[in-house]
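Below: the structure, in structure tokens.
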Amino acid sequence: MKSSKATDKEWTFLETVARAAFANPFGETRDDLDIAISGAAPDSSADEILHAVVTRIEVKLQSLRDRGVADLRNLDGHRREVMRRVCLFHVFHRYVDHFDELIKTQLKEGDKHCRVPFARHVLGELTAFGIGDQDAVRMFAVFYQLRRAFYFIKNGLVGTSPSMKTLRRHLWDCVFTHDIRWFEAGLWDKMEEFSILLLGETGTGKGAAAAAIGRSGFIPFDVARNAFTESFTRNFVSINLSQYSEGVLESELFGHKKGAFTGAVDNHEGLFSRCAPHGVIFLDEIGDVSIPVQIKLLQVLQERIFFPVGSHEARRFSGRIVAATNRSLDEMLESGKFRDDLYYRLCSDVITLPPLRVRLKEDPQELDNLLGVLLSRLAGEMPGREKHLVKRILKRDLGRHYAWPGNVRELEQAIKRIILTGRYQGMKREEPKQDAAARLAQEIVEGAMNAEELLSAYCSSLYASFGTYEEVARRTRLDRRTVKKYVEMGKVSPSLDGRGTLFGNCSIQTGRCLES
Ligand SMILES: Nc1ncnc2c1ncn2[C@@H]1O[C@H](COP(=O)(O)OP(=O)(O)OP(=O)(O)O)[C@@H](O)[C@H]1O
């Protein structure tokens, strides 16, 4: 066997691979690194690029192994770490399909433990590169975590718009941190300390985002049982806090002791006791809970303990909390309905999910993409014909500027209604004036309006409140004809008119008549 050191050129290549190994797969850095490693043309498909990346690394590693220079036991310092990452990347990609199969099997089996027949092969390959036994077992668990995160973020939150790409990148960072070195240095076992707050309108996918984080937690691998210690299906539990009265809610969250209240005929385990050690509890509609429950949640977040109703025995909670609300937390904080201290404990990161209308504006392809995914979720793989039919009906019945107030959930229902009735007229409910104003403010924050739309929305809002073009002209210092033009435009404005007429028909909102 010929033995020689890796050349500088080879080390440069290995360094690039090491950087790609744990880079956020939804980020542009990873895309650039993949292009650099593969040597593929930038317009190649993602699959072609990945295939070229994996093949090139395999060939390079084989050559290094043949020369006896890929063994970690013969390296130290930075070069050892670089080679370690390259080996991990290589072995991970050899078993990606196996991990995907395992995820699908586990989804079918639910909470049951699944055996992992390929585990010993992976562990064998890692240790052959000189990775220690314990490190290999931990990295095997990290591989599974990486693949679950990729699977659930990619499939749960589809969309080609820039804001969806940002969202997926952001969710990945919630699982692995923005720099994997933090994660590797020990946070892999401590992500429970990072609670996440999800904001966004109803139906934008807060639940889907929470599930993606929840199903992507670290789960140790048990070599003796040849299985992971927990099914990821058990690692995510959710509760809609607005569905319960205060008393029942406490019992649901923290459990109760037999005899704690009339009707407590047995001990009851609450959600916090049932959550797996690395699991995630999703507290949906956190903006709806009473102050006493907020105080108890604060205690769980601060001290990691809680008390079942009627018990003085403290119980520990070691999972992670993800919370969501579609209310304006700013307003609730200001009015004292939501405690500042709980807010600051909840928001290691705050993620706002983009409304569907913003996504469609950013990228009209988004609708096509979503329709394809939602239709196949509903009815399995379908030929493109059905998708085009649904799209045609949506365009015919709603025009191109419908605002989708119920977001993706509404789109799901629209598809079902079209399948049943052949049409969908949109949601016709009127929006209270303050909600309309909040929506306008939201659109400004999102940067979703151009200057003309903004003027049109402002003029329409004033017109809805004051009833005459003259008054609007006086307030805006525009001339009457310009005001009229903007108000007329507001009646068909994409961002504001989609729910029917938010500002465009003052008679509904103010009781006054429209001028002609
Ligand atoms: N980007 C997306 N890609 C695919 N499906 C999505 C996406 N966003 C949302 N959905 C689907 O839309 C439906 C509604 O999403 P979800 O329940 O997560 O919304 P939400 O923001 O939690 O709503 P609410 O505030 O009313 O609880 C779900 O079936 C979800 O899977």
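For the stretch 117-168, which residues satisfy the criterion of being basic (Lys, Arg) and either more than 31 Å from the chain's Cα centre (by Cα) or within 16 Å of the ligand (Cβ to nearest atom) (or both)? Of everything in the stretch 117-168, those that are basic (Lys, Arg) and either more than 31 Å from the chain's Cα centre (by Cα) or within 16 Å of the ligand (Cβ to nearest atom) (or both) turn out to be Arg120, Lys154, Lys165, Arg168. Condition (residue is small (Gly, Ala, Ser) and in a helix (DSSP H, G or I)) applied to the stretch 172-192: is it met by at least one residue? Within the stretch 172-192 (the criterion being small (Gly, Ala, Ser) and in a helix (DSSP H, G or I)), the answer is no, since none of the residues qualifies. In the stretch 158-168, which residue that is assigned to a loop (DSSP other than H, G, I, E, B) and among the β-branched types (Val, Ile, Thr) is modelled with the highest pLDDT? Among them, the one singled out is Val158. Here Val175 meets the list (1) more than 25 Å from Leu301 (Cβ to Cβ); (2) in contact (Cβ under 8 Å) with a residue 40 or more places away in the chain almost entirely, failing just condition (1).
Just one of the listed residues (Leu187, Leu199) is in contact with a Leu (Cβ under 8 Å, 6 or more places away or on another chain), closer than 22 Å to Arg345 by Cβ and not acidic (Asp, Glu), and it is Leu199. Could you list, in sequence order, all residues of the stretch 235-272 that are farther than 26 Å from Gln106 by Cβ and β-branched (Val, Ile, Thr)? Across the stretch 235-272, the qualifying residues are Val248, Thr262, Val265.
Listed here are the helices (runs of 4 or more DSSP H) enclosed by the stretch 381-460 that have at least 1 residues being at pLDDT below 90 and not aliphatic (A, V, I, L, M): 384-398, 433-446.
Quick one: would you say Arg168 is basic (Lys, Arg), in contact with a helix residue (DSSP H, G or I) (Cβ under 8 Å, 6 or more places away or on another chain) and over 15 Å from Gly217 (Cα atoms)?
It is true that Arg168 is basic (Lys, Arg), in contact with a helix residue (DSSP H, G or I) (Cβ under 8 Å, 6 or more places away or on another chain) and over 15 Å from Gly217 (Cα atoms).
For the stretch 408-426, name all the residues that are away from the ligand (no atom under 12 Å from the Cβ) and surrounded by fewer than 17 Cβ atoms within 10 Å (Cβ to Cβ). Those that are away from the ligand (no atom under 12 Å from the Cβ) and surrounded by fewer than 17 Cβ atoms within 10 Å (Cβ to Cβ): Arg417, Ile419, Leu420, Thr421, Gly422, Arg423, Gln425.
Scanning the stretch 383-400 for residues that are within 16 Å of the ligand (Cβ to nearest atom) and more than 18 Å from Gly203 (Cβ to Cβ) yields a single hit, Lys387. Note on the stretch 339-381: among residues that are in contact with an Asp or Glu (Cβ under 9 Å, 6 or more places away or on another chain) and more than 30 Å from Gly426 (Cα to Cα), the one that is farthest from the ligand (Cβ to nearest atom) is Ser348. Residues that are among the aliphatic types (A, V, I, L, M), more than 18 Å from Ala149 (Cβ to Cβ) and touching a Ser or Thr at 6+ places or on another chain (Cβ under 6 Å) number at least 2 in the following helices (runs of 4 or more DSSP H) confined to the stretch 1-118: 28-38, 46-66. The lone criterion from (1) under 30 Å from Pro355 (Cα atoms); (2) more than 14 Å from the chain's Cα centre (by Cα); (3) part of a loop (DSSP other than H, G, I, E, B); (4) more than 12 Å from the ligand (Cβ to nearest atom) left unmet by Thr202 is number (4).
Taken as a whole, the stretch 169-183 holds at least one residue that is buried (at least 18 other Cβ atoms within 10 Å of the Cβ), at pLDDT 90 or above, away from the ligand (no atom under 16 Å from the Cβ) and more than 11 Å from the chain's Cα centre (by Cα).
Only one residue in Gly214, Gly255 is in the same structural domain as Gly287 (by TED's automatic domain parsing), more than 25 Å from the chain's Cα centre (by Cα), surrounded by 15 or more Cβ atoms within 10 Å (Cβ to Cβ) and touching a residue at least 12 places away in the same chain (Cβ under 8 Å), so which one is that?
On the way: Gly214 fails: more than 25 Å from the chain's Cα centre (by Cα).
Of Gly214, Gly255, the one residue that is in the same structural domain as Gly287 (by TED's automatic domain parsing), more than 25 Å from the chain's Cα centre (by Cα), surrounded by 15 or more Cβ atoms within 10 Å (Cβ to Cβ) and touching a residue at least 12 places away in the same chain (Cβ under 8 Å) is Gly255.
Looking at Gly287, Gly319, Gly336, Gly310, just one residue is among the small types (Gly, Ala, Ser) and closer than 24 Å to Asp189 by Cβ, and that residue is Gly319.
Taking the numbered list (1) within 16 Å of the ligand (Cβ to nearest atom); (2) at pLDDT below 90; (3) in contact with a Leu (Cβ under 6 Å, 6 or more places away or on another chain) in turn, Met332 passes all entries but (3).
Report yes if some residue within the stretch 87-102 is within 25 Å of Ala212 (Cα to Cα) and among the basic types (Lys, Arg); otherwise report no. Yes: one or more hits.
Inside the stretch 318-329, residues that are more than 19 Å from the chain's Cα centre (by Cα) and either at pLDDT 90 or above or within 26 Å of Pro355 (Cα to Cα) (or both) make up a count of 2.
The values are calculated or read from the model by the stated rules, or taken from the named source; none is laboratory data. From a predicted model like this one, the values you see are computed outputs, not experimental measurements. When we count neighbours, we look across all protein chains shown, and the Cβ atoms used for this are built from the backbone with ideal geometry, even at glycine.
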